[in-house]
Amino acid sequence: MRLKELRQERSLYQKDIAAHLGIDRTTYVKYEKESSEPPIATLIELCRFYSVTMDYLLGVTDIKCQNDLSHDFNETEVKLIENFRSLNKQGKEYILQTMAMSVSIYKNDTVPDVENL
């Protein structure tokens, strides 16, 4: 399991996770050391808390979540999507309109004179 790795990525302490789960810290330590297995409800809560799939948490796959774009897109595409997601509704609408206009222009091989825009 990747409990320790996920916790450390977020600079959290074992007591923080234990408190979130409503369990004793020593119980959580056993989960991290894999000397005890958490109940399925606890595993589900940990997946929700860390926003990862059960497969990732258990070490079956390296894909953290179903929305992990890094396996389907190149670095530029991932950056574009992350930036887009960070915008409010108005910003997203503006970007979509601008992108539609830009795609239309460049698909027709007509580059506008930027100084006259």
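The values are calculated or read from the model by the stated rules, or taken from the named source; none is laboratory data. Every value quoted in this text rests on a predicted model; they were computed, and no experiment measured them. All Cβ positions, glycine included, derive from the backbone under ideal geometry; neighbour counts span all protein chains shown.
Overview of results
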read-out: TYR31 being in a helix (DSSP H, G or I), of a type in the set (Phe, Trp, Tyr) and within 14 Å of the chain's Cα centre (by Cα); value: no
read-out: Candidate set: the stretch 4-30, residues that are more than 13 Å from GLU45 (Cα to Cα) and either in contact with a Leu (Cβ under 6 Å, 6 or more places away or on another chain) or of a type in the set (A, V, I, L, M, F, W, C) (or both); chosen: the one surrounded by the most Cβ atoms within 10 Å (Cβ to Cβ); value: LEU6
read-out: Positions within the stretch 86-116 being surrounded by 10 or more Cβ atoms within 10 Å (Cβ to Cβ), of a type outside the set (A, V, I, L, M), in a helix (DSSP H, G or I) and at pLDDT below 85, in sequence order; value: SER104, TYR106
read-out: Some residue of the stretch 48-55 being in contact with a helix residue (DSSP H, G or I) (Cβ under 6 Å, 6 or more places away or on another chain) and part of a loop (DSSP other than H, G, I, E, B); value: no
read-out: Complete set of residues in the stretch 48-75 that are modelled with pLDDT of 85 or more and either more than 16 Å from the chain's Cα centre (by Cα) or more than 27 Å from ILE17 (Cβ to Cβ) (or both); value: LEU58, GLY59, VAL60
read-out: Pair list, Cβ < 8 Å and 6+ apart or interchain, from the stretch 1-21 residues that are of a type in the set (Ser, Thr, Tyr) to residues that are in a helix (DSSP H, G or I); value: TYR13/ARG7
